[in-house]
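All remarks here apply to the structure that follows.
Values quoted throughout were computed directly from the atomic coordinates according to the rules given, and no laboratory measurement underlies them. What you see is a predicted model; the values in this text were computed from it and never measured. Cβ placement follows ideal geometry from the backbone for every residue including glycine, while neighbour counts extend to all protein chains displayed.
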Amino acid sequence: MTPSIRRMLVPLDGSRLAEAVLPVALAIAAPCGATVTLIHVIEHNAPDTVHGEPHLDDVEEAAGYLEAIAKRFEDSGVTIETHVHPNPEHDVAKSVAEHAAELDSDLIVLATHGSGGLRRLLFGRIAQQVLRQTTTPILLMRPTEATEAAGFRCDVMLVPLDGTPDAEVALPMAGMLAERTGAALRLVRVVPTVGTVSGEASPAATFSPTATAALLDIEQQAARDYLAEVRRRDLPAGLRVTLEVRRGDVATELAKSVAEEGSDLVVMSTHGRSGLAGILTGSVASRFLSRIAVPLLLIRIDGGSANDGSGGATG
């Protein structure tokens, strides 16, 4: 079934850095015809300030803040709604996940920065827990002062693939977004070199480097054929799709691909049970994700409940 994005949930904490996700959310919502709901969760024992700004712990103040944000973007062509969760929450992540379910959200757009509540780094507790507690796709963005007021255009989307059906779970969403936004898709697979082989193949690479090199060359050609088959089999005709096979360390090469080819968005699948670890092993995923500055759209792989994150082989 082709996915759709009709409703989006954007948690805001009152800081300008959190608001940096709004151009991304609106740039996706507009071509999808989606309604954006801005939400603020009153946090139990919240800090007084966030990034030097007063923290929103009053319901009326939070409601006024969200309404002001909605008015600021009223010319975007996107329907924007607001909601304040009035009861102070100890578990902000759980509240966000519950609201996503209650509002029938198709996408959660989450800023991840700072050191408390919704203000966590990319691998922070809140982002991980939201991912674990929902099957709703999540778009994560690490805003900085430099990107705070920047606009967003989605011209190129990168989809990392590893040859498994689990990784291909990201393709329907990527294809749909490419159709709606007019963006080009880049399907990327990384084949290791003898020096970057890891896991079970590492001993063979050490003791039989020549044979391993020959096998990896064969795998490189097979990777090209695989990407071509994926394009033919799984993506709508008429999309602009480029295929790329890189050689080397997976995390390093994926990050280089994002930077060198000018990707605006990464779309990838995740098992969810290990926080932000996805189709890649946890260590590879963390090294890759910590090196990219573009938004990341994570699609949950089916299997197991959202709460326990069971299912899948590598997450």
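Peptides 243-249, 215-221 ranked from most to least packed, by the mean per-residue count of other Cβ atoms within 10 Å: 243-249, 215-221. Taking a Cβ cut-off of under 12 Å around Ala167, the surrounding Lys, Arg, Asp and Glu residues balance to a net charge of -3, with basic ones at +1 and acidic ones at -1.
Amide H contacts for Ile108 (H built 1.01 Å from N in the peptide plane; partners 5 or more residues away or on another chain; cut-off under 5 Å): Leu9, Ile138, Leu139. Whose amide H sits under 5 Å from the amide H of Ala170, counting only residues 5 or more places off or on another chain, with H placed in the peptide plane? Amide H neighbours of Ala170, under 5 Å, 5+ apart: Ser269. Across segment 294-300, rounded Karplus estimates of 3J(HN,Hα) from the backbone phi angles (6.51 cos²θ - 1.76 cosθ + 1.60, θ = phi - 60°) give 8, x, 10, 9, 9, 10, 6 Hz, Gly and Pro being marked x. Taking θ as phi - 60° and the Karplus parameters 6.51, -1.76 and 1.60, the scalar couplings of segment 184-195 work out to 8, 9, 10, 8, 10, 10, 10, 10, x, 9, 4, x Hz in sequence order, x denoting glycine and proline. Among residues other than Leu9 with Cβ under 13 Å from its Cβ, the summed charge is -3 (Lys and Arg +1, Asp and Glu -1).
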